[in-house]
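Single-structure report; data block below.
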Amino acid sequence: MKRTSALSGIVGIIFLLFGALGYILTAGGFARLFSGVNLLAGVIAIAGWLVSSRGSIGTMAGARTTRFGTNAAVYTLAFLGVLVAINYLSVRYHRQFDLTAQNAFSLSPQSIEVIKGLKQPVKLYGFVEAGRNPTAEALYQEYAYESPLITYELVDPTRHPELAERYKVTVMNTTHIQLGSDENGSGTNVSDLSEQAITNGIVKVTKTESKTVCFLTGEGEDNPDDADGGSGMGQFKDSLLGESYKVDKVNLVTQDKVPETCSVMVVAGPTRPLVPHVIDALNDYLKGGGRALIMLRPQPDQSVDQAALVKFAQDWGVKAGNNVVVDQVVRLEAGPALGLNPVVSTYNPHPITQSFDKQTVFPMVRTVDPVDPGTPGLTVTPLATTSDTSWAETDLDGIFKHQTAKFDGNDVKGPVVVADAVTANLAALKYGNGEARLVVLGDTDIANNQYIGNFFNRDFVMNCIDWLAGESNSITIRPRELRASRFNLTVQEFDVVFVLSVLLLPELLLIIGFAVWWERRN
């Protein structure tokens, strides 16, 4: 009993010490609770030490020995049984859980959709140095986990040169994707050990045909061959090529009509007026069941003249406003300010936006509203709308010349529509049979090199292309790059973390350490 009382006194001193530290170092509500509990426990422990009596506790301790030993044995057996059961269930019903904020260690919905749609076996051959590469193996395992039709093998090309020669592999860290259960199936090589590259490779070997996306050129449109300039669309083109689309450029000024090979026609923000022949060619293309992506620009001055393109969009059910969308942004330590790059997180139901709840940014965007009243045969669906803090500013001179904007009676209060999808029933329009599709964006910069990588712009634009091309199975979220996860704490949350990690954990370790030392000493 003396030993127990003495240990109680030491523990009481530790409680008092950490209670005082918590009171001195922190000031939050949780810290005050921690300090109060420790101080009270310390007082009780020391009081117990001072007034402890000598009784039959020693005898009771002796009687407990057998009970403690029995309990320890039962607990040990139970623990071992639980471990065996957990291992058995984990082998029989294998499941993975990704707790990262961005699901960085899981395949994207697009990859899973591609994998679930496989009809034939796919084997991944990883040609890596010495036949060992933990990064490649972990990535291949993710694919094999999602479908029994996918298998993989790591190959050392120096030990198996016949495989490297058969699959035309000349660079280390190359993945050969083989479709089919025999060597005569189609295959392709990718030299980038990334989910996006491998998924695109699987799409390439499983697609029965490649559709062509044509970019209109000749009137100041953004160039798909420009991969370096901020206003170029080289990254957009790379995304199309990565999903097995072909990309071509068409100058309708010198051509009679849109080529029949064009599955989708992209009009990426011309800065000069489209001549009547070009407009006629686009109209004829849509009346024949064509698909088009129209990207507009605001008109800050006379350098941009899109009147003909605006009239074209209106004829197909979309009215573009002569305005630019302004939204409030909040900057750290600066409060709210006006911005011309509204962030969009509200989307209406449509195949393009199905399961799409991510943020996109529409820099320098104008409104695009469905024509009211609508035209029979044209179904116009607003795709994306800005926040309720935004508005469509009509005073373009005030914005672009004086850098000022103020909501007044001439402006349109948000939310406002910045993207539309049009489905045209050609029979109802008396143009023929079939269906034409059109997507109108009030913005061109969303798809250029500077902004396509921002937020989920790439996914939104590619979903538009997939819907226009009739590739609805590809509409989803693309693989994301791994990025750092950040956990922002409030003052109260930081207080809890500080107490638990800096005060409580060392306190418990100190108490346990003293208890063990005390028992060994005595």
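The values are calculated or read from the model by the stated rules, or taken from the named source; none is laboratory data. Here the structure is a predicted model, which means the values were calculated and not measured. Positions of Cβ are backbone-derived with ideal geometry, glycine not excepted, and every protein chain shown enters the neighbour counts. Surface areas here come from the heavy atoms of the whole protein model, side chains and all, with no ligands, DNA or RNA. Shrake-Rupley method; radii C 1.70, N 1.55, O 1.52, S 1.80 Å.
I want to confirm something. Restricting to the range 147-167 and keeping residues that are within 21 Å of T199 (Cβ to Cβ) and not aliphatic (A, V, I, L, M), which single residue is most open to solvent (accessible area, probe 1.4 Å)? Ranking the qualifying residues of the range 147-167, first place goes to P148. The condition of being of a type in the set (D, E) and either within 18 Å of V440 (Cβ to Cβ) or in contact with a strand residue (DSSP E or B) (Cβ under 8 Å, 6 or more places away or on another chain) (or both) holds for only one of D226, D222, that being D222.
Residue check: is S303 at pLDDT below 95, loosely packed, with under 15 Cβ neighbours inside 10 Å and closer than 25 Å to V418 by Cα? Considered against the rule, which asks whether it is at pLDDT below 95, loosely packed, with under 15 Cβ neighbours inside 10 Å and closer than 25 Å to V418 by Cα, S303 comes out as yes.
Can you name the residue in the range 381-396 that is of a type outside the set (S, T, N, Q) and closer than 23 Å to K358 by Cβ and is also most open to solvent (accessible area, probe 1.4 Å) among such residues? Within the range 381-396, the match that is most open to solvent (accessible area, probe 1.4 Å) is D388.
For the range 351-380, give me the residue count where each residue is closer than 25 Å to A427 by Cα and open to solvent by 30 Å² or more (accessible area, probe 1.4 Å). Of the residues in the range 351-380, 11 are closer than 25 Å to A427 by Cα and open to solvent by 30 Å² or more (accessible area, probe 1.4 Å). Within the range 398-410, residues that are exposed (fewer than 10 other Cβ atoms within 10 Å of the Cβ) have Cβ atoms under 8 Å from residues that are at pLDDT 80 or above in no pair, counting only partners at least 6 apart in sequence or on another chain. Of everything in the range 18-67, what is within 30 Å of D495 (Cβ to Cβ), assigned to a helix (DSSP H, G or I) and modelled with pLDDT under 75? Give them in sequence order. Hit for the range 18-67 is L25, nothing else.
Looking at S210, is it open to solvent by 30 Å² or more (accessible area, probe 1.4 Å), touching a strand residue (DSSP E or B) at 6+ places or on another chain (Cβ under 8 Å) and part of a loop (DSSP other than H, G, I, E, B)? Here the answer is yes, as S210 does meet what is asked. Note on the range 409-445: residues that are in a loop (DSSP other than H, G, I, E, B) and farther than 21 Å from Y347 by Cα amount to 12. Apart from one condition, T381 fits all of (1) in contact (Cβ under 8 Å) with a residue 40 or more places away in the chain; (2) out of contact with any His (no Cβ under 6 Å at 6 or more places or on another chain); the exception is (2).
Scanning the range 429-441 for residues that are modelled with pLDDT under 95 and of a type in the set (G, A, S) yields G432, G434. Looking only at residues in the range 243-274 that are of a type in the set (D, E, K, R) and modelled with pLDDT under 95, the one that is nearest to G289 (Cα to Cα) is E260. For the range 437-458, a tally of residues being surrounded by fewer than 24 Cβ atoms within 10 Å (Cβ to Cβ) and either without any contact (Cβ under 8 Å) to a residue 60 or more places away in the chain or in contact with a Leu (Cβ under 6 Å, 6 or more places away or on another chain) (or both) returns 1. In the range 480-522, the residue that is modelled with the lowest pLDDT out of those that are charged (D, E, K, R) and open to solvent by less than 70 Å² (accessible area, probe 1.4 Å) is D495. For the range 282-300, enumerate the residues that are open to solvent by 20 Å² or more (accessible area, probe 1.4 Å), closer than 22 Å to C464 by Cα and touching a residue at least 60 places away in the same chain (Cβ under 8 Å). Scanning the range 282-300 gives K287, G288, G289, R291, R297.
With N341, N322 as the choices, which residue is surrounded by fewer than 16 Cβ atoms within 10 Å (Cβ to Cβ) and part of a loop (DSSP other than H, G, I, E, B)? N322 is the lone residue from the list that is surrounded by fewer than 16 Cβ atoms within 10 Å (Cβ to Cβ) and part of a loop (DSSP other than H, G, I, E, B). For the range 233-281, a residue qualifies if it is closer than 15 Å to L468 by Cα and part of a helix (DSSP H, G or I), and exactly one does: L240.
Entry remark, the range 92-146: residues being buried (at least 16 other Cβ atoms within 10 Å of the Cβ), touching a Phe, Trp or Tyr at 6+ places or on another chain (Cβ under 8 Å) and at pLDDT below 85 number 2 in total.
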